[in-house]
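A.B. asks: Would you mind keeping the following structure in view while I ask a few things?
The values are calculated or read from the model by the stated rules, or taken from the named source; none is laboratory data. As the structure is a prediction and not an experimental result, all values here were calculated from the model. All Cβ positions, glycine included, derive from the backbone under ideal geometry; neighbour counts span all protein chains shown. Only protein heavy atoms, including side chains, enter the accessible area calculation; ligands, DNA and RNA are left aside. Shrake-Rupley method; radii C 1.70, N 1.55, O 1.52, S 1.80 Å.
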Amino acid sequence: NSIPVRVFWKDKELRYLGCNTPFARDAGFEKPEDLIGKSDNEMGWRDQAELYRADDFEVIESGNARLHIEEPQTTPSGEQIHLLTSKVPLRDADGAIVGVLGTYHDITDRKKAENALIESEVEYRTTVDNLLVGVVVHGSDSSILLSNTEASNILGLTVEQMSGKEAIDPAWCFVHEDTSKMAIEDYPIAKVIASKKPIYDYILGITRADRNYITWVNVSAIPILSDDGELDKVIINFIDITEIKRLQKLESRAERLETAGTIAGQVAHDFNNLLAPLIAYPDFIRDELPKNHPTLKYLDQMEKAAEKIADINQDLLAMGRRGHYNQDVINLNTIVQQAVSELEPLPKTLAYELDFSEDLMDINGGGAQLHRVINNMLHNAQDAMQNIGQISIKTENYYVDDISVLYGRVPKGEYVKLTISDTGCGIPDDIIQKIFDPFFSSKTTDKKRGSGLGMSVVDAVIKDHNGYIDLATKVGEGTSFFIYFPITRQSKNSQKDIDIFGGNESLLIVDDDDVQRHVSSQILKKLGYQITTVDSGEKAVELTRNKQFDLLILDMIMPDGIDGAETYRQVLKTSPHQKAIIVSGFSESNRVIEAQKLGVGVFVQKPLTKESFASAVRNELDRKKEIPVS
């Protein structure tokens with residue numbers, strides 16, 4: 001009667017034969033005798049009586065004990081508690097089962113503590129897992145006790161795979177900032193284990209066997225000591241700084257290029273003054289000498305040398321961005337065709353493949369400077385192939401929906417894209433970052449070395465045209481350069497507008513890009529259409545519920561909301577006959593195909609030309625709308 005554990009025993013009809021005092025009080029009685037002969041239906045827990053009876057019958061009929069079962073219960077006062085219950089068959093002196101004997105004790109406080117601990121662990125784990133900092137907790141033997149999601153992303157193993165693994169493991173190779181392999185004793189974990197002192201802002205690189213790049217991290221390592229001063233754990237925090245290091249490298253390179261360009265421009269400016277007599281005086285000297293004078297051949301050589309110096313000087317001016325030239329509205333196809341024609345005659349071992357867009361949009365540029373760029377790149381391609389292989393040249397209208405990152409960054413917008421590809425030797429990794437540096441040349445012979453200005457001039461001229469250059473290369477397979485020039489919608493002086501059929505229908509333009517909305521609306525307004533614009537699919541859906549439009553012009557890619565296909569699907573719920581066309585910078589993707597299955601008409605690729613855009617709009621307005629069968 002004095003123990004805290006509740007004890008009871010029942011007969012085979014599940015009527016109480018006896019219990020101890022704590023049990024009687026839980027049941028709502030003063031003394032154990034008050035329970036004798038009663039059933040669970042007469043107790044304070046009558047709502048759960050059937051559950052208990054089922055358990056009791058199972059023990060009696062099977063003869064098997066049910067030990068340490070956790071059960072929730074509602075007390076007579078309505079309090080929710082948790083019990084830890086055990087029940088065994090009650091036997092007489094001969095071993096026959098005559099009832100059930102049970103015990104339980106209240107574990108409510110323990111359950112509350114366990115639940116609080118679980119909630120605390122979940123909260124802690126959620127917090128740690130959502131940190132943008134890698135966290136790894138090591139034991140004193142460097143084994144991993146805990147790691148978070150960001151650590152898994154950086155180290156390239158799942159949390160489960162890292163559990164128990166040692167930091168000093170062949171799965172990873174750590175390198176110094178000079179990329180030399182780090183000795184084990186230089187590992188942050190090894191330093192902390194040896195010294196029991198923290199480390200802060202330790203920069204190292206991480207490589208793995210299945211990766212061909214280095215992930216750079218800033219590491220802090222904190223020792224946790226026990227009460228007696230022994231090392232208990234080490235907490236490692238690390239931040240991925242790979243992108244920061246890349247940008248620092250680019251910034252340093254840009255500063256070097258700017259300095260070199262400034263010097264080159266100043267030198268070229270002085271050279272221009274000195275070149276004037278070198279180019280002009282040979283003619284004066286000829287006039288003073290007889291036509292058969294033996295020194296005339298030296299004058300010819302002097303003139304040719306002066307012309308080459310003048311060419312190099314123009315490259316210096318371009319690299320220093322000191323060149324002065326007018327930018328006119330030009331078509332890149334014409335410039336490329338001229339540059340290719342000047343390379344002839346070509347060796348039989350070298351082939352050119354040309355793929356010119358027939359409706360290529362115009363750009364603003366200097367024809368001579370762009371000719372120089374293309375000429376440099378074609379000669380480099382020939383050298384890379386040693387005049388054996390194929391050079392492919394492609395022009396196209398191109399729209400960048402998202403910032404593209406390979407060698408450089410190409411912002412969102414409309415471009416004329418020039419691609420020059422060769423099947424040559426490719427560019428090794430140790431050279432690729434230097435190809436735009438002034439005076440850098442990979443040509444080793446004096447005969448082919450040149451000035452080393454070719455690609456730095458290309459880079460400078462493209463920047464002068466507000467353009468961008470990117471590349472893809474593989475050693476032994478070739479290189480492709482991608483050049484992006486912003487388009488212009490200015491008209492050439494000699495060009496007359498083509499008559500295009502317009503109309504007066506109401507059109508809704510849906511595009512998240514301010515510039516694209518303006519361009520589209522201006523083209524169509526000049527053709528007489530009534531234009532409304534919105535910057536999201538959600539706004540378009542809301543607007544079309546109360547207003548009818550003859551045609552929707554939907555941008556497919558709108559990252560901050562629903563895309564063009566989903567916009568059209570929702571519009572059809574209230575306007576099943578609605579006509580629409582899709583515009584996008586990407587080619588006809590699966591989402592475009594899905595939109596067309598819903599009933600969207602033609603797909604128009606950005607950048608938009610006046611002719612193709614106006615024609616698509618007019619054709620769709622005139623097309624008989626067929627409702628797709630769902």
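A.B. asks: Restricting attention to region 74-90, does a residue exist that is within 23 Å of residue 38 (Cα to Cα), under 57 Å from the mean Cα position of the chain (by Cα), polar (S, T, N, Q) and modelled with pLDDT of 85 or more?
C.D. replies: Yes, region 74-90 has at least one match.
A.B. asks: Within region 1-79, which strands (runs of 3 or more DSSP E) (wholly inside it) include 1 or more residues that are of a type in the set (Ser, Thr, Tyr) and surrounded by 14 or more Cβ atoms within 10 Å (Cβ to Cβ)?
C.D. replies: Working: elements: 6-11, 16-19, 66-74.
Once the strands (runs of 3 or more DSSP E) in region 1-79 are filtered for at least 1 residues that are of a type in the set (Ser, Thr, Tyr) and surrounded by 14 or more Cβ atoms within 10 Å (Cβ to Cβ), what remains is 16-19.
A.B. asks: Specify the residue that is modelled with the lowest pLDDT; the eligible residues are those in region 448-490 that are open to solvent by less than 20 Å² (accessible area, probe 1.4 Å), hydroxyl-bearing (Ser, Thr, Tyr) and over 27 Å from the mean Cα position of the chain (by Cα).
C.D. replies: Restricting to residues being open to solvent by less than 20 Å² (accessible area, probe 1.4 Å), hydroxyl-bearing (Ser, Thr, Tyr) and over 27 Å from the mean Cα position of the chain (by Cα), the top hit is 456.
A.B. asks: Could you tell me which numbered condition residue 305 fails, if it satisfies all but one of (1) out of contact with any Phe, Trp or Tyr (no Cβ under 7 Å at 6 or more places or on another chain); (2) modelled with pLDDT of 85 or more; (3) in a helix (DSSP H, G or I)?
C.D. replies: (2) is the only condition that residue 305 fails.
A.B. asks: Please go through region 542-554 and pick out each residue that is touching a helix residue (DSSP H, G or I) at 6+ places or on another chain (Cβ under 6 Å) and open to solvent by less than 10 Å² (accessible area, probe 1.4 Å).
C.D. replies: 544, 551, 554
A quick yes/no check of all residues on (1) at pLDDT 85 or above; (2) surrounded by 15 or more Cβ atoms within 10 Å (Cβ to Cβ):
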residue: 351; (1), (2): yes, no
residue: 354; (1), (2): yes, no
residue: 357; (1), (2): yes, yes
residue: 366; (1), (2): no, yes
residue: 375; (1), (2): yes, yes
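A.B. asks: Determine which member of the set 131, 67, 101 is in contact (Cβ under 8 Å) with a residue 60 or more places away in the chain and of a type outside the set (S, T, N, Q).
C.D. replies: Numbers: 131 fails: in contact (Cβ under 8 Å) with a residue 60 or more places away in the chain; 67 fails: in contact (Cβ under 8 Å) with a residue 60 or more places away in the chain.
Among 131, 67, 101, only 101 is in contact (Cβ under 8 Å) with a residue 60 or more places away in the chain and of a type outside the set (S, T, N, Q).
A.B. asks: Looking at (1) part of a helix (DSSP H, G or I); (2) at pLDDT 80 or above; (3) in contact with a Leu (Cβ under 7 Å, 6 or more places away or on another chain); (4) not β-branched (Val, Ile, Thr), which one does residue 310 not meet, given that it meets all the others?
C.D. replies: (2)
A.B. asks: Only residues that are open to solvent by 90 Å² or more (accessible area, probe 1.4 Å) and touching a strand residue (DSSP E or B) at 6+ places or on another chain (Cβ under 7 Å): list them for region 80-125, please.
C.D. replies: Residues satisfying the conditions are 80, 91.
A.B. asks: What pairs come out if I take residues in region 345-364 that are closer than 16 Å to residue 415 by Cβ and pair them with residues that are outside any strand (DSSP E or B) and open to solvent by 40 Å² or more (accessible area, probe 1.4 Å) whose C-beta lies under 6 Å away, six or more apart or interchain?
C.D. replies: 364/327
A.B. asks: What number of residues within region 360-402 satisfy the criterion of being part of a strand (DSSP E or B) and among the basic types (Lys, Arg)?
C.D. replies: In the first step, residues of region 360-402 are kept if they are part of a strand (DSSP E or B); the result is 363-365, 389-400.
Filter once more, so that each one left must be among the basic types (Lys, Arg): 394.
Going through region 360-402 one residue at a time, the tally reaches 1.
A.B. asks: Could you check region 586-622 and list, in sequence order, the residues that are modelled with pLDDT under 90, in a loop (DSSP other than H, G, I, E, B) and of a type in the set (Val, Ile, Thr)?
C.D. replies: 602, 609
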